[in-house]
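Read through the structure below, which is laid out as structure tokens, and then see the notes.
Coordinate-derived values only; no laboratory data. These numbers come from a predicted model, not from an experiment. Because the Cβ atoms are built from the backbone with ideal geometry, glycine has one as well, and the counts that use them run over all protein chains shown.
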Amino acid sequence: MKLLPVISLTLLVCLPQAGMASKVCEARISAGDALRFDVSEIQVPPDCRQFTVHLEHTGMLPKAATGHNWVLTASKDMDSVARDAVKAGSDNGWIPPDDPRIIASIPLIGRGERGQVTFEVNALEPGTRYGFLCTVAGHSPRMRGSVRLVNQAADPSMPQPGR
Ligand code: ZN
């Protein structure tokens, strides 16, 4: 129980943020044997410092047959990244290595597996459109969605901090 003081301190530090509108700095997304993510848009609150995406494979097929990955890029880069992913091939888990267009990625997973990635929210520029996709060959036309930096200040129904 020597940890208790540390936990209390952490709670205190977090309280000012926790008191604001319930921001959720993570998203859960899953995909099965069909070439489809169960989520078409991920909303990132701008007051999150970091954001975590959890990916779960809910299908029955093993990784070699129908694995999935998760890649975050600017929307304008999605198609070119998908093309280069095919060149990178299965040896790289269908993710081009050290690619500056890729902001975050979750490596290839198969049946019963999970993966996750955490990225810095300030890597997303306001005004730029972002998207996510599975870059396994043939998957990206259907397995894609948008990642949106939510501008909470523009929503009058949300409580504004400091007012
Ligand atoms: Zn896939």
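Kindly indicate which of 111, 101 is touching a Ser or Thr at 6+ places or on another chain (Cβ under 9 Å), part of a loop (DSSP other than H, G, I, E, B) and within 17 Å of residue 30 (Cβ to Cβ).
Going through 111, 101 in turn, the sole match is 111.
Looking at segment 111-132, I want the residues that are on the phi > 0 side of the Ramachandran plot and have a partner that is surrounded by 15 or more Cβ atoms within 10 Å (Cβ to Cβ) with Cβ atoms under 8 Å, at least 6 apart or on another chain. Which pairs are those?
Taking only residues 6 or more apart or on different chains, the pairs are 112/57.
When the residues of segment 18-38 are filtered to those that are in contact with a His (Cβ under 6 Å, 6 or more places away or on another chain) and closer than 16 Å to residue 116 by Cα, which remaining residue is farthest from the ligand (Cβ to nearest atom)?
Once the filter is applied, the top-ranked residue is 28.
Can you find, within segment 114-142, the residue that is surrounded by the most Cβ atoms within 10 Å (Cβ to Cβ) among those that are within 16 Å of the ligand (Cβ to nearest atom) and in a strand (DSSP E or B)?
By that ranking, first place goes to 132.
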